[in-house]
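Quick notes on the structure that follows.
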Amino acid sequence: MNNLIDDHVSLDQFCQSCNIEMTFVYSLAAQDLCEIIVIEEKEYVLQEDLALLERLSRLHYEMEINLEGLYAIVHLQEKIERLKEEVNSLARKLDRHQ
């Protein structure tokens, strides 16, 4: 993608390349699922958010999952990751005590 500024990607360029509406990304940002940054009156998304944005756009446009569903999916995935980390931590502690 063109229009990279450090770790940012032009929102317009990203939406065009993924064939999604900018309003969809605005809605995700309103739900705190991504961040839109304005630099010199131009909007950008963080490069680290691109994979998540692409996944959420596929879920939304291909599977017709609404914004509330996307929000729930993201937060459940985050909770699963935290629980995995906790299980791994507890397993390491258990190994040390055996």
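Taken together, the values in this text are just the output of simple stated rules run on the coordinates, not laboratory data. It should be emphasised that the depicted structure is a prediction, and the values quoted were computed from it without experimental measurement. Please note: Cβ atoms are built from the backbone with ideal geometry, for glycine as well, and neighbour counts cover all protein chains shown.
Would you calculate the convex hull of the Cα atoms in the range 24-79 and tell me its volume per residue in Å³? Walk me through the numbers on the way to the answer.
Details: hull volume 4.4 nm³, N = 56.
Spread over its residues, the Cα hull of the range 24-79 gives 78 Å³ apiece.
Only helical DSSP H runs with n ≥ 4 go in: add -39500 (n - 2.57) per run for the chain, normalise by residue count and round the 222 nm mean residue ellipticity to 500 deg cm²/dmol. Mind showing how you got there, number by number?
Values: 4 runs with 62 residues, N = 98.
That comes out to -21000 deg cm²/dmol.
Once Lys and Arg get +1 and Asp and Glu get -1 on their Cβ, which of Gly69, Asn19, Ile36 lies farthest toward the positive end of the dipole of the range 4-97?
With unit charges placed on the Cβ atoms, the residue in question is Gly69.
Work out the P(r) tail for the range 4-97: percent of alpha carbon pairs separated by more than 23 Å, whole number. Display every interim value, and only then the final one.
Working: 1606 of 4371 pairs.
Tail fraction, whole percent: 37.
With only Lys, Arg, Asp and Glu charged, each at its Cβ (+1 for the first two, -1 for the last two), find how big the charge dipole of the range 54-98 is about the Cα centre; round to the nearest 20 debye. Don't skip to the end; give the middle numbers.
Numbers: 8 positive and 9 negative charges, 78 e Å.
It works out to roughly 380 debye.
Would you look at the GNM of the chain, springs on alpha carbons closer than 10 Å, and say which of Leu53, Leu11, Leu76 moves the most?
Top of the fluctuation ranking is Leu76.
For a quick check, take a GNM of the chain with Cα springs below 10 Å and name the residue from Asn19, Asn66, Asn88 with the largest mean-square fluctuation.
Checking each option, the largest mean-square fluctuation is seen for Asn88.
Under a point-charge model restricted to the Cβ atoms of Lys and Arg (+1) and Asp and Glu (-1), what is the dipole moment magnitude of the chain relative to its Cα centre, in debye to the nearest 20?
700
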